[in-house]
Amino acid sequence: HQPMEFESVDMNVTDQCDMASNSTPASSKAIMIISIFEFLKAHPWGYVGFLFFLTVWTVLALPVTPIEVCAGYVFGPIWGTLGSLTGKTLGCLGALSIGRLLGKSRGWRVPEILDQYLHALRTKPLRAMCVIRVAPIPLGVKNYGLSLVSFPNDKYPFVKYFWSCFLVGLPFSIMWGMTGHGASSLVEIVSRYA
């Protein structure tokens with residue numbers, strides 16, 4: 001399919017019944033993702049809605065991979081990648097802000113046993129944040145975990161946090177956008193990645 005071309009999903013009755021009859025939370029999530037993307041691709045403001053949706057999805061610490069792959073399918077490899085990178089980065093910044101506010105108001109901190117390992121994060125934050133972002137840890141754990149780190153004079157390196165999200169997120173967004181562009185349907189994507 002061509003980028004930004006809005007074709008209908010070839011989801012036959014058998015596929016729908018198979019997905020609906022499996023009443024697991026995973027199948028419910030798959031149906032929800034397909035429904036949301038069907039709505040987004042049919043709506044004139046669907047791309048803006050996608051940016052908002054992925055931002056909120058990321059703040060809620062939900063897995064972003066299936067959403068990024070679906071974006072590549074629905075919006076094409078370029079717009080899907082740009083939207084994924086933008087929404088995911090905004091979501092990471094939102095999670096950081098929420099984590100900092102909640103952490104400060106509730107007195108949450110990084111456990112003392114881990115605090116001794118944070119020297120690199122405090123002295124070379126961009127490098128350390130990039131290393132953390134590449135680690136095979138769920139994105140929500142990275143975002144909210146990094147939000148609880150205290151820095152000297154309470155000056156959090158927000159710009160370096162942004163760049164770590166952007167720089168590490170870029171190759172993943174490209175990869176997932178290209179993967180989605182090569183998929184045959186949203187059903188195929190959610191059956192593999194959701």
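A Cβ distance below 8 Å, combined with a sequence gap of six or more or placement on separate chains, defines the contacts here; from region 169-194, residues that are hydroxyl-bearing (S, T, Y) reach residues that are in a loop (DSSP other than H, G, I, E, B) and open to solvent by 20 Å² or more (accessible area, probe 1.4 Å) in the pairs S184/D10; S185/V9; S185/D10; S185/M11. Among the residues of region 123-169, those that are more than 20 Å from the chain's Cα centre (by Cα) and of a type in the set (D, E, K, R) comprise K124, R127, D154, K155.
Among the conditions (1) more than 16 Å from the chain's Cα centre (by Cα); (2) over 17 Å from G177 (Cβ atoms), L40 misses just one, which is (2).
If only residues of region 167-193 that are open to solvent by 40 Å² or more (accessible area, probe 1.4 Å) and of a type in the set (A, V, I, L, M) are counted, the one that is nearest to C130 (Cα to Cα) is L167.
Listed here are the residues, each with its yes/no results for (1) modelled with pLDDT under 95; (2) crowded, with 19+ Cβ neighbours inside 10 Å; (3) touching a Ser or Thr at 6+ places or on another chain (Cβ under 9 Å).
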| position | (1), (2), (3) |
| --- | --- |
| T55 | no, yes, yes |
| I67 | no, yes, yes |
| G76 | no, yes, no |
| S84 | no, yes, yes |
| I98 | no, no, yes |
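Looking only at region 103-130, residues that are aliphatic (A, V, I, L, M), surrounded by 14 or more Cβ atoms within 10 Å (Cβ to Cβ) and free of Cβ contacts under 8 Å to residues at least 24 places away in the same chain come to 1 in all.
The values are calculated or read from the model by the stated rules, or taken from the named source; none is laboratory data. All values reported here derive from a predicted model rather than from experimental measurement. Note that each Cβ is placed from the backbone with ideal geometry, even for glycine, and that neighbours are counted across all protein chains shown. The area values use the complete protein model at the heavy-atom level, side chains included, leaving out ligands, DNA and RNA. Shrake-Rupley method; radii C 1.70, N 1.55, O 1.52, S 1.80 Å.
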